[in-house]
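None of the figures in this text is laboratory data; all of them are computed from the coordinates on show. Values in this document were obtained by computation on a predicted structure and should not be read as measured data. As a convention, Cβ positions derive from the backbone with ideal geometry for all residues, glycine included, and neighbour counts pool all protein chains shown.
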Amino acid sequence: MRHLFFLITISELIKIVENLGYVGAFVAGFLGTSSIFLSIFPSFLVIMALGAKLNPFLVGVLGGIGSGIGQFTHYYIGYAGRYAVSEKRKKQLDEFGKKINKYGVLLIFIFAATPLSPDDLVWIPLGAMNYPKTKALIAAIAGKTILNLIYAYGGYYGIRILLRWLGA
C-alpha cells in the first residue's frame, strides 16, 4: 500500500493561515507558541500581515488568545513530569510553588509580553509545581494579547508608512 505525504513549506502555511482571516490570527498565535523551545512558525509575520489587512485590534486580541492557549500546552509537559520524580521532589516542587505563587502571575505576564524570552523556561516548571491553571492561563493570554496587539498595529501602521514613503 502506498502512502502519500503532503509537504508544505512555511510560506505556503503562512498563506493558508492568512486566508483564514480572523480565525487565522488565532491559529497563527497557537502555532507560533505551541512548539517547545524553538518556534517553528513565524506567527508575528502573519499577525502583522493580518493587522495590515483587517481590524488590528481584533487580530491582536485573537492572536493573543491563540498564543496564550498555545503557550499553556507547555504547562502540561511540566505537570506530566511530576509523575517522573520522587515524592520527596514533588514536595519540594510544591513548597517552591507556594513561594512563587505571590509573583507567578507577574512573571508569566512579563515572559508572555516580551518577544525574545523563552516562555518554556517558565511554563514547564510551573506545571511541575502544579501552579494554579486559571491564574496561569489568564496571565499568559493577557501578556500574549499585548504582544500581538503591538504586532498587529505594527502591521497596520507600518504598511501605511511604507506606502507613503514609497509614494504609493
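Remarks
- Cross-link pairs exceeding 27 Å between alpha carbons, from the set LYS90/LYS135; LYS15/LYS133; LYS15/LYS144: LYS15/LYS133.
- Linear extension gain, SER117 paired with TYR83, 0.36 nm per residue minus alpha-carbon span: 9.5 nm
- Estimated dipole of the stretch 16-113 in Debye, rounded to 20 [Cβ of Lys and Arg +1, of Asp and Glu -1, Cα centre]: 500 debye
- Annotation for TYR76 and LYS15: the two label points, set 7 Å from Cα along the Cα-Cβ direction, are 3.2 nm apart.
- Each Lys and Arg contributes +1 and each Asp and Glu -1, all at the Cβ; summed about the Cα centre of the chain, the dipole is approximately 360 debye.
- In the chain, excluding the sites themselves, the longest stretch lacking any of the trypsin sites (Lys or Arg not before Pro) that are in a DSSP loop with at most 15 other Cβ atoms within 10 Å is 3-101.
- Length gained when the stretch VAL23-TYR103 is fully extended (0.36 nm per residue, less Cα-Cα span): 25.5 nm
- Scaled to the globular estimate 2.2 N^0.38 Å, the Cα spread of the stretch 10-166, given as radius of gyration, is 1.15.
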